[in-house]
Each structure stands twice: as structure tokens, then as C-alpha cells.
Amino acid sequence: MSFLRRGFATAALLGALWMVVASIVVAVAMSFATGLPLTPSVAMSLAWGAALAMAFLAARRMGGRPALAALLAAGLVPALAPFGSLSAGPAVSAPAAGAAAVLLSCAFAFPIRSILGGVAPGPQTRHVFEAAVIRFLTGFGYVFFTAIVVIPFYVMVMTSLKNQAELLQNPLDFGIDLSKGWDLFRSYAELMTDFNFGSYLWTSFYVSVLTVLLTLSFSIPGAYAVARLRFRGRKAFSRSILLIYMVPMIVLALPIYIAFSVAGLRNSILGIVLIYPVTTIPVALYMLQGYFRGLPAEVEEAGLMDGLSRLRVIWKITLPLSLPALASVSLYVFMIAWNEFLLAFMLLDDPSKFTLTRGVAMLNSSEVPRQHLMAGSVIATVPIMALFLGLERFMTKGLTAGSVKG
């Protein structure tokens, strides 16, 4: 450990590891974007990364920008050299190879400059070494988890923009042919006209909205009673709220199917609207009771002393103060209802009543082209993703506001 605390040893270790990360990222990105064969070389990436990082550390005395410029220029060398970090097949053209070299140089130089911030050529304190390691792990975490999310979504979108002939010719080519113009979205148009996806979107939307309204109607008074009122069994009820949510839905699938078949609720929107809140009310109760407990009871007591009834106190005082929590719970419940698949798959058989997830499952067939399945997945994903990203700050505020009392 004492050896690693020396500046050059730290730079060599972290530079070598980061060059491996950068090489893999650039190879995967270029392969997805162009369909050309680019493969990273782990051994050469380790060697080049260690050498460039140590050279950068030694040149830092020239100043930040000159050293970074030198590192960017030097980073072009190990990209596609005979013994470089990336190996290119014969199909890779010179412009594509040059673009890969520039991307690798930038993907290595800018992060390694930040990772080695504060590291000097001589002996380092434990604090400086650990700070550099933490910066490396943070950058690696960003790259790793971003790749897990972005790559499947990118493949899904790119596949939806292709036709059957292109998919059969090169299934691994995920580039876009912009010359096709609006014909790129042909799969989406066919979904709306031939597969009735507009109806599925509308059904999922109003079912999700009704689920939110029913969930709030039951969870608000229930959470308020647990948080404010005193009655026998209150603690036991509070602790058991999530027990229903913890039971796997697959365990309840057969009893629900039998009960709904006997009651005549199977294959009906009413049955879906009745069963969805059963899965969302427990988690809404749990989230809201924590927030209600964090509200100052003195404000409600003042309202009671002014002659307001308990219901009017909830309506006039508690709910306006709880808008962040209500917004976050509504968004969370909406996402659960929008993405629910098992109950819709089990209870709905009539295509005219399908929800969006049930409609996407219908496309998973050998008779339906793969680009239609991917287009349906994009349609199911993008609206809820846009809603979450647009309202994420309200959800975060609502989830954290009740964590501290007072």
C-alpha cells in the first residue's frame, strides 16, 4: 500500500484501469453506431494507460492546459496502432478509425486529468490516494450503470427504426440511415394503424389515472388515521401495512383469476381498475403515513380549536401541506399501474381492452416483425420516462420531506 501511495504508482494503476474502461466504451459505442468490428485489447490498454498517466503526471508542472493538450495528442497514438488499445477489422475505414482514435483520446484524457487531481509525482498522503481511488470508482460507476441503462434502450430504439430487410442483412448494425426521412418511423405508424396501439395507450392512461384516484381515496384517510389518531391495534396495523405488498403477486394469481372469473370481472376494464389499487394502496399508505407524522400537529390542533371538524382539518390544512408527498405518491402509483403486466396478461383476453403492456406482449410472436415489437416497447417506455424525468424533483422532494420531523 505504501508503494501505491507514490504518485507515479498511483497514476500507473488508475491510468491502466481507466484506459481499459475507455477502450471498452469506445469499442462498444463505435460498433453500435457504425456496425464496424472494433475490439478492445485489455493487455495493451493496461500498458498504454499506465504509460500515458505517468507521462501526464510528469508533464503537469507545465500547467494544466498544456499537459492536457499533450495528453490528448499522445492519446491518439495507442488507439489503432499495430499494438494499440483497439483492434480494427479490415472493414473499418480510415475516417471511422480516426473518429475512434479521437474518441478514445478524449475518453481517457479528460477523466484521467480529474482522477489524478491533487496527485503529485512524489510520495502521497493516504487522503490523496484514497481521494483519487474514489474519483476513479465514481467515474467507473457512472460509466457502468449508464451503459446498463442506455445500451438496451439504444438497441431498442435503433431496431424500431429499421425494416425487415435491414435486420436480416446485418442484425448487429444499429446505425441510422437518415436518408429514409419519415420512413424511419414506419413501424410506429403501422402499430397505430394495424395493431390498434392508440387504443392501448388510451386504455393504459385512464386505467392508471383511475388507479391513482382510487389509491389516494383510500390511502389518505388510512395514512392519516395511523399517523394522528389513537386506536387499539394502531401499531400492529402500521407495521403490517407492507405485508400485502411483500406477498409475490404470482402467489395470488390463481385465486384472483378464479375469483374474477366467478364474479364475471375477468376480461373487463372494471376488473383491472378494481385489482390495481390492491397492489398500490399498501405502499401509498406506507409512504404517506411517514409524511403525515412529520407535519406539525400544532397546526391541526389550532384548526380543531377554531371549530373545524377533523375532515375539514384534513381538507383545509393537512392536504395542502402534503402536496409534495401526494405528487410523489401519485407519480409512483401511476408508474406501477402503467407498467403492470402480470394481472393484465392474466385477466385480459379481448384485444379491444388490452392495456399497453398487454399489447406489447401480443407482439412477441414469430409472426410479428421484430421492429414492431421494439417500436411497441419504445411507445410503452418513453411516455412514463418523460413523465418521471419531468416530475422527478417533486418525487424526490415528497419522498424526503417526511424523513425529518418538524
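The values are calculated or read from the model by the stated rules, or taken from the named source; none is laboratory data. Everything quoted here is computed from the prediction, not taken from an experiment. Virtual Cβ from ideal backbone geometry, glycine too; neighbours counted across all protein chains shown.
Below are the figures for this structure:
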| quantity | calculated |
| --- | --- |
| Hey, Ala81 modelled with pLDDT under 75, assigned by TED's automatic domain parsing to the domain that holds Arg135 and surrounded by 17 or more Cβ atoms within 10 Å (Cβ to Cβ) or not | no |
| Set Leu210, Leu216: member being at pLDDT 85 or above, closer than 18 Å to Leu285 by Cβ and in a helix (DSSP H, G or I) | Leu216 |
| In region 138-150, residue farthest from Leu17 (Cα to Cα) [restricted to those that are free of Cβ contacts under 8 Å to residues at least 12 places away in the same chain and surrounded by 11 or more Cβ atoms within 10 Å (Cβ to Cβ)] | Val150 |
| Filter pass, Thr203 being surrounded by 13 or more Cβ atoms within 10 Å (Cβ to Cβ), farther than 19 Å from Ala29 by Cβ and touching a Lys or Arg at 6+ places or on another chain (Cβ under 8 Å) | yes |
| Count of residues meeting criterion [in a helix (DSSP H, G or I) and surrounded by 12 or more Cβ atoms within 10 Å (Cβ to Cβ)] in region 162-182 | 4 |
| Condition broken by Glu367, with the remaining ones in (1) modelled with pLDDT under 85; (2) under 30 Å from Ile256 (Cα atoms) satisfied | (2) |
| Selected residue (criterion: surrounded by the fewest Cβ atoms within 10 Å (Cβ to Cβ)) from residues of region 236-264 that are touching a residue at least 12 places away in the same chain (Cβ under 8 Å) and in a loop (DSSP other than H, G, I, E, B) | Leu242 |
| Region 322-375 - residue that is part of a helix (DSSP H, G or I) and β-branched (Val, Ile, Thr) and, of those, nearest to the chain's Cα centre (by Cα) | Ile336 |
